[in-house]
Each structure stands twice: as C-alpha cells, then as structure tokens.
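The values are calculated or read from the model by the stated rules, or taken from the named source; none is laboratory data. Since the structure is predicted, the reported quantities are computational estimates derived from the model, not experimental observations. Backbone-built Cβ (ideal geometry, glycine too); neighbour counts: all protein chains shown. To get the accessible areas, we keep the full protein, side chains included, count just its heavy atoms, and leave off ligands, DNA and RNA. Shrake-Rupley method; radii C 1.70, N 1.55, O 1.52, S 1.80 Å.
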Amino acid sequence: MRLAELSERSGVSTATIKYYLREGLLPPGRRIGATTADYDDTHLRRLRLVRTLIQVGGVPVAKAREVLRHVDDESLGRTIRAGAALWALPRLPEPEAEDDAVVTARAEVDRLLEELGWSTARELAPLSPDHRSLVVAVASLIRLGYRWDARLLAPYARLMHQVAVHDLDNMEEYPSEAERVEAAVASAVLFEPVLKAMHRLAQEEESARRYGLS
C-alpha cells in the first residue's frame with residue numbers, strides 16, 4: 001500500500017507517519033521509486049503500537065524508540081527480547097536515598113521472591129526496573145505507616161502470577177515472534193489500566209457486600 005492508504009487505514013496523518021519514519025519509530029517501506037515506497041500490514045501493526053506507546057502510554061519518543069529497538073532485536077530469545085522491551089518502558093523514579101524505608105522494603109521484596117520461589121526474578125533483581133519500582137512503592141507505603149511486608153504482598157503476587165500465565169497464553173496466539181513481543185508491550189501499556197480499574201471495581205463490590213451501600 002502507498003503512504004496515503006497507510007494513513008487512511010491507520011487513522012494517522014501522513015505528516016505524522018513521515019515524522020515516525022524520520023525518528024526511526026517506523027521501518028522504511030520498500031522503495032519503488034525516487035519519492036515513493038510501498039508499505040504492508042507490518043507497518044500498519046507497528047503504527048498502532050507506536051500510537052499506543054506515545055498517545056495512550058505517554059511514552060516519550062526517545063523512550064519509544066528504545067522499546068521498539070528491543071522489539072525488533074531478533075538476536076535475542078523471547079524472554080530477554082520481551083523483557084528488554086518492557087524494561088525500557090517508563091517506571092517510578094529511583095529512590096533518592098537508602099533510608100530505613102527503602103532498606104526495609106528491599107528486604108521484604110527479596111524475602112517475598114524467596115518465599116515464592118521466583119528464582120529468575122531474584123537473579124535479575126539488581127538489573128530489574130520492576131524490582132526497583134516495587135521497592136519504591138512498598139517504601140512509600142512504609143513511610144505512611146502501612147507495614148507492608150512479604151506476608152501481605154504474597155497473595156497479590158500469586159494473583160499476578162496467574163495474570164502472567166494468561167498473558168503468555170494469549171501471546172502464543174500470535175503467529176510471529178515480533179507480534180508476540182509487540183503484544184507484550186501493548187499489554188503492558190493498555191492492560192495495566194484495565195487491571196487497576198478491575199481492582200477498584202472489585203473493591204467497590206466487596207465493600208458493598210460487606211458493609212452495604214449506606
């Protein structure tokens with residue numbers, strides 16, 4: 001398809017598509033003339049992912065480029081390829097200092113991983129931005145006086161493992177490796193708000209069942 005058709009099918013203006021091409025967010029089309037190129041469904045799929053990252057996820061262009069670089073890295077196995085792409089997404093800021101709350105939170109998070117038997121998560125902890133984000137969040141709760149520890153975190157972690165099983169089962173439905181990794185990234189941006197909303201709805205429902213609506 002030509003650029004105009006790609007624009008029409010994606011709902012993205014030709015000017016924006018050209019910008020994405022210049023920024024390396026969209027691979028170039030197959031050159032068929034001095035000023036024209038041909039695009040296919042992979043470009044359409046990538047455009048949708050780029051829009052998801054930037055417009056829905058609020059991911060800066062430079063960060064989106066880094067995510068997509070990992071998505072396209074065929075030299076990596078699936079776990080590292082998807083993991084690298086997900087790690088490149090924006091996270092909570094790093095802890096400013098190793099205060100008592102951070103030290104306690106890190107110890108509890110590490111104890112949680114140990115008790116769950118999540119050996120890979122423990123091995124990758126020094127590198128993992130998700131491990132650091134969890135430490136930051138738990139430390140903030142501790143500072144507010146909520147004594148969250150491994151025991152309280154464990155039921156949530158087990159539920160999230162069930163979610164992860166569903167995530168990977170759904171990824172297997174896609175025919176190509178690139179589509180599977182793209183799906184993992186799109187899910188991280190789009191489905192996490194779904195989980196948050198369902199969590200809050202479930203809290204509302206359980207509260208009404210326990211305490212009524214008065």
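Measuring nothing but alpha carbons in segment 12-147 and taking Rh as the Kirkwood radius, the Rg to Rh ratio lands at 1.13. Counting Lys and Arg as +1 and Asp and Glu as -1 over every other residue whose Cβ lies under 14 Å from the Cβ of residue 32, the net charge comes to 0. Overall shape of segment 91-166 was characterised from the C-alpha gyration tensor. The equivalent ellipsoid obtained from it has semi-axes of 20, 14, 11 Å, in decreasing order.
How big is D for segment 125-199, in µm² s⁻¹ as a whole number, if Stokes-Einstein is applied with the Kirkwood radius of its Cα pairs at 20 °C and 1.002 mPa s? Provide the component values of the computation, followed by the final result.
Numbers: Rh = 14.4 Å.
Rounded, D is 149 µm²/s.
Mean separation of Cα pairs under 8 Å and 6 or more residues apart, divided by the residue count, gives segment 1-116 a relative contact order of 18 percent. Name the most mobile residue of 141, 201, 26, meaning the one with the largest mean-square fluctuation, in a Gaussian network model of the chain with Cα contacts below 10 Å. Comparing 141, 201, 26 in the GNM, the peak value goes to 201. Other residues with beta-carbon under 12 Å from the beta-carbon of residue 154 carry, at +1 per Lys or Arg and -1 per Asp or Glu, a net charge of -1.
Segment 55-214: D in µm²/s via Stokes-Einstein (Kirkwood Rh, Cα pairs, 20 °C, 1.002 mPa s)?
On the way: Rh = 17.7 Å.
Result for D is 121 µm²/s.
For the chain, relative contact order (Cα pairs under 8 Å, six or more residues apart, normalised by length) works out to 18 percent. Of the residues 18, 63, the one with the largest accessible area comes first in the ranking 18, 63, computed with a 1.4 Å probe on protein heavy atoms. Seen against the Cα atoms of the chain and their longest principal axis, helix 177-211 is set at about 40 degrees.
The heavy atoms of residue 161 offer some 100 square angstrom of accessible surface to a 1.4 angstrom probe.
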